[in-house]
1. Could you run through segment 107-124 and say how many residues are acidic (Asp, Glu) and touching a helix residue (DSSP H, G or I) at 6+ places or on another chain (Cβ under 6 Å)?
2. Among the helices (runs of 4 or more DSSP H) contained in segment 1-119, which hold 1 or more residues that are touching a strand residue (DSSP E or B) at 6+ places or on another chain (Cβ under 9 Å) and under 20 Å from ALA222 (Cβ atoms)?
3. Can you find even one residue in segment 23-35 that is over 30 Å from ARG6 (Cα atoms) and open to solvent by less than 20 Å² (accessible area, probe 1.4 Å)?
4. Does VAL190 satisfy being in contact with a helix residue (DSSP H, G or I) (Cβ under 9 Å, 6 or more places away or on another chain) and within 12 Å of the ligand (Cβ to nearest atom)?
5. Could you give every pair whose Cβ atoms fall below 9 Å, whose first residue belongs to segment 102-124 and is touching a residue at least 60 places away in the same chain (Cβ under 8 Å), and whose second residue is more than 13 Å from the ligand (Cβ to nearest atom) and open to solvent by 70 Å² or more (accessible area, probe 1.4 Å), counting only separations of at least 6 or pairs across chains?
6. Only one residue in ARG128, ARG144, ARG232 is among the charged types (D, E, K, R), away from the ligand (no atom under 16 Å from the Cβ) and in contact with a helix residue (DSSP H, G or I) (Cβ under 7 Å, 6 or more places away or on another chain), so which one is that?
7. State all residues of segment 162-182 that are within 6 Å of the ligand (Cβ to nearest atom), out of contact with any strand residue (DSSP E or B) (no Cβ under 9 Å at 6 or more places or on another chain) and not small (Gly, Ala, Ser); if no residue qualifies, say none.
8. Which condition number in (1) surrounded by 20 or more Cβ atoms within 10 Å (Cβ to Cβ); (2) in a helix (DSSP H, G or I); (3) within 16 Å of the ligand (Cβ to nearest atom); (4) among the aliphatic types (A, V, I, L, M) is the one that LEU159 fails?
Amino acid sequence: MNKDTRIIALTGAGVSAESGIPTFRGKEGLWNRYRVQDLATPEAFTRAPDTVWEWYRYRQELIGKAKPNPAHLALAKMEEIFPEFYLITQNIDGLHQKAGNKRVVELHGNIWEARCIAEGKIIECPPRTGNDPVPYCTCGSMLRPNVVWFGEALPVEALERAYQLVQDCEICFVIGTSSLVYPAAGLPMVAFEAGADIIEVNPAPSPALGISIHIREKAGIAMPVILDEISRTKPV
Ligand code: BV8
C-alpha cells in the first residue's frame, strides 16, 4: 500500500452505532419499533406528513447530540493521509463530515437538509417551531426531509459518482452495513469485479458479496487499528 492507493469506504448505520444512533436492523433496530411503510416511503409522507416529520425530528434530536466515534475519526484521518481516499455513505446523520471528512458521497441524503415539495429547492432544515413538526417553504408549500425513501431514486449525481469511485478503487472497505438495501448494497460487487480487495468491518455476518477479508469487530474498535496498520505500511 502506498500513499496513492485508491481507497473507498462504504458505510452504513453500523458506523454510527457507537455514537449512540440506533441502526435499522438487528436487535435494537429502528425497523423493529417502527414500520417502514409508515415512515420512510413517499406514500407515508403523502398520507401523514406530520407523522413522518415527528420521526425525523426525533432522529434529528438524537443525531444532534451524537458525537463522531473512533471509527468516524479514523476515516477522517484516512482522508488526510491518502489523497485518493473517498467515503460513500448510506447514512444521513452527517457524522462523517462532523469528524472532518470532506470527500463524502451521501447516497441517501442528509437529515439536516429539507426540500420544498413544490419547487424542489434544497435548504438547511428549519428547526422545529412549536408543536407542528412540519416545516414550510417561503413559498408556503411543505418541506420534506431531503432523504431518499424506499421506492425513490437515489440522487443521480451521487450514484454516478459512487459507481465511478468503486470501479476505480484498489481497496473497498464495507463498514457497518447489512448490505440489504440496493443500489448501495451492489457497490462492493462492482469494486470486486473491477479487481479491488473488499474488506468488511461488521461484528455480524452480512450477505455482502466479493468480500476478501471479514473483520468481525465493531467499527469503533477495528478502524483505528486498520488506520494504524495502513498508515505504518505506507512508504513515504
Ligand atoms: C430504489 C432513508 C429505484 C433515509 C433508507 C422490493 C420492493 C420495493 C423496493 C425494492 C424491492 N427490492 C429492492 C428494492 C429496492 C429498495 C431495497 O433495496 N429494498 C430492500 C430492503 C429489499 N431500494 C430502494 O427503494 C432504493 N431506491 O431502488 O429506487 C428507483 C429507480 C428509479 C426511479 C424510481 C425508483 C432506496 C433505498 C434507500 C431507502 N432509504 N433510509 C433514512 O431515513 O435513513 S434505507 C436505510 O437502510 C438507511 O438509509 C440505511 O443506510 C440503509 C441500509 O441500512 P444499513 O445502513 O446497512 O443499516 P442496518 O441497520 O440495516 O445494518 C447495520 C449493520 O451494522 C448491521 O450489519 C450490523 O451488524 C452492523 N453493526 C452494528 N453495530 C456495528 C455494526 N458494524 C460495525 N460496527 C458496529 N458498532
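1. Our first condition is that a residue be acidic (Asp, Glu); within segment 107-124, this holds for 113, 119, 124.
Applying the additional criterion that residues be touching a helix residue (DSSP H, G or I) at 6+ places or on another chain (Cβ under 6 Å) yields none.
Residues that pass the stated criteria total 0.
2. Numbers: elements: 30-33, 36-39, 42-47, 49-65, 70-81, 95-99.
Per the criteria, 70-81, 95-99.
3. yes
4. Values: in contact with a helix residue (DSSP H, G or I) (Cβ under 9 Å, 6 or more places away or on another chain): yes; within 12 Å of the ligand (Cβ to nearest atom): no.
No, not satisfied.
5. Close Cβ pairs satisfying both conditions: VAL105/GLU157; VAL105/ARG161.
6. ARG128
7. LEU180, VAL181, TYR182 - these are the residues of segment 162-182 that are within 6 Å of the ligand (Cβ to nearest atom), out of contact with any strand residue (DSSP E or B) (no Cβ under 9 Å at 6 or more places or on another chain) and not small (Gly, Ala, Ser).
8. The failed condition is (1).
The values are calculated or read from the model by the stated rules, or taken from the named source; none is laboratory data. Here the structure is a predicted model, which is why all the values come from computation and not from measurement. All Cβ positions, glycine included, derive from the backbone under ideal geometry; neighbour counts span all protein chains shown. These accessible areas exclude ligands, DNA and RNA; they are computed on the full protein's heavy atoms, side chains included. Shrake-Rupley method; radii C 1.70, N 1.55, O 1.52, S 1.80 Å.
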